[in-house]
Amino acid sequence: MRQLLRRNRAETAAPEPALPDPLQLARVDALVAPLTDREDRAVQHRGGPVSTALYERMSAEDVAAVVAALEGSTRVNWDRASEAERVILAPIFAAVYDITSALDHTGLVRAEPPEHVHAMARGPLAHAGEPVLGDLVVRAFEEAGCGLPSDGRVLDFGCSSGRVVRVLGAYRPDLEWLGCDPNADAIAWASEHLPMARFVVSPTVPPLELGDGSIDRAYAISIWSHFSRSAALAWLVEMHRVVKPGGALLLTTHGLDTVAYQLRHDLMTRDSAAETTGALLRDGTQFFSIFGDDGDWGVKDPGWGTGYLAADWLAAHVTPDWAVRLFRPGMLDGNQDVFVLERRP
Ligand SMILES: C[S@@+](CC[C@H](N)C(=O)[O-])C[C@H]1O[C@@H](n2cnc3c(N)ncnc32)[C@H](O)[C@@H]1O
């Protein structure tokens, strides 16, 4: 009986795993090794143009009131911070502790979207938006030679509940700020709480309800990083329609630095990294439909998931309608690439 059992077990045992294919291993190594050595190219936004301007609007009394309110971890962070870091922290802590006169002077508004409203950042440090992302946008436009205009209209394309445009609207209240997003709840919340910009619900496929050449600058944080190849191209055509000649579009994408970032943070296996890198080298794009039947917080579109775009693919497709004025791999958190495109006539 025992012998029979042993024989049965032997017969039903799992087959020996196949030995890894040496050619496949070599291929994975060849694709992934350069990325594991890639440096983290996150830009530190210490005291960027937006944070600095907001800080400089605070009076000495405002700063003193913020410092007097600090406690626990905010106190520790402040005490450890350099002068440049305090420039960033002071307006943020003014919102954390609701120091009204400081908020009035900066133009920031303390309001947090509730849990059921889409937001990319939560918690006290995001109560007034994210000034460092405003720094990134303004710095990238400036480095591209396309700084914010002296007057005109700026579009935050895919603004969610407004974490970036609320800061930029405070920074430059003389410009007209417009945020759009297909997420109706996020737009309703932003419209009600953020007076520095106008917000509209936009469709998941073009066109936008905007006139030709009616936008001076547009930016899109973590939007082209979600588009399929055809959606990415269709929205570039639409942006070319709405941005005026000589105007500019800033966009962020998942590229090779994203793969490097995900490897660095154990968010991707080496096999997946090799597959995505291979797809980028071979096809220029890769797309995964990840949101399922419920969509992304209710926003449903077959062209919306997680997308990777190779820089040369993008450059080849946007020129000559756009000039590539800036390409900064990994500029957003060491992860997403930042492009600034100038709209040619
Ligand atoms: C990753 S979030 C980024 C939000 C915002 N840009 C930020 O950085 O806080 C992506 C946003 O794009 C929106 N979205 C989804 N489909 C879109 C489309 N076709 N066009 C523009 N935005 C879209 C989502 O609703 C969501 O608010």
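Nearest 10 degrees is fine. How inclined is helix 60-69 to the longest principal axis of the chain, computing both from alpha carbons? Value to nearest ten degrees: 50. Could you work out which residue, out of D156, D21, D79, moves most in a Gaussian network model of the chain, that is, has the largest mean-square fluctuation with Cα springs under 10 Å? The residue that fluctuates most here is D21. Extension gain for the segment V201 to E143, taken as residue separation times 0.36 nm less the Cα-Cα distance, is 17.8 nm to one decimal.
How much net charge surrounds F199 when only other residues with a Cβ under 12 Å from its Cβ are counted (Lys, Arg +1; Asp, Glu -1)? Write down the numbers at each step before the final one.
Details: positive: R166, R198; negative: D156, D181, D185, E192.
Overall, the nearby charge balance is -2.
Would you mind ranking S51, S289 by Cβ crowding within 10 Å, fewest neighbours first?
Details: S51 26, S289 13.
Final ranking by Cβ density, sparse to dense: S289, S51.
The alpha carbon centroids of the range 140-186 and the range 321-345 are separated by 16 Å.
Once the Cβ-Cβ distance of R27 and R80 is raised to the sixth power relative to R0 = 41 Å, the FRET efficiency obtained is 0.35. Under a Gaussian network description of the chain, with springs only between Cα atoms under 10 Å, the residue in V117, V50, V165 that fluctuates furthest is V117.
Which order do Y171, Y55 fall in if you start with the one that has the fewest other Cβ atoms within 10 Å?
Y55, Y171
With the Cα gyration tensor of the range 263-335 giving a ≥ b ≥ c as the square roots of its eigenvalues, does the rule (a/c under 1.5 for rounded; else a/b larger than b/c for prolate; else oblate) give rounded, prolate or oblate? If you can, show how the numbers build up before the last one.
Details: a/c = 1.71, a/b = 1.22, b/c = 1.40.
Note, shape of the range 263-335 comes out oblate.
Build a GNM of the chain with springs between Cα atoms under 10 Å apart, and of A310, A69, A186 the one that fluctuates most is A69.
Neighbours of R282, meaning other residues whose beta-carbon lies under 14 angstrom from its beta-carbon, give a summed charge of -1 when Lys and Arg score +1 and Asp and Glu score -1. Electrostatic tally near D21: other residues with Cβ closer than 12 Å to its Cβ, Lys and Arg +1, Asp and Glu -1, net 0. In loop segments of the range 89-189 as defined by DSSP, the GluC sites (Glu not before Pro) with at most 11 further C-beta atoms inside 10 Å of their C-beta are E115. What whole number of Å gives the distance from the Cα centroid of the range 190-207 to the Cα centroid of the range 240-268? So the separation of the two Cα centres works out to 22 Å. Label reach from A316 (point 7 Å along Cα→C-beta): in the range 227-252, amide nitrogens under 15 Å belong to 229-230, 233.
The ranking of T204, T276 from fewest to most other beta carbons within 10 Å of each one's beta carbon is T204, T276.
Applying 1/(1 + (r/R0)^6) with R0 = 45 Å to the Cβ-Cβ distance of S289 and S101 gives a FRET efficiency near 0.35. Per-residue ellipticity at 222 nm, computed for the chain from helices alone with -39500 (n - 2.57) per DSSP H run of at least four residues, works out to -13000 deg cm²/dmol.
Here, each number is a calculation from the coordinates, and none is a lab measurement. What you see is a predicted model; the values in this text were computed from it and never measured. Here the Cβ is made from the backbone with ideal geometry for all residues, glycine too, and neighbour counts use every protein chain on show.
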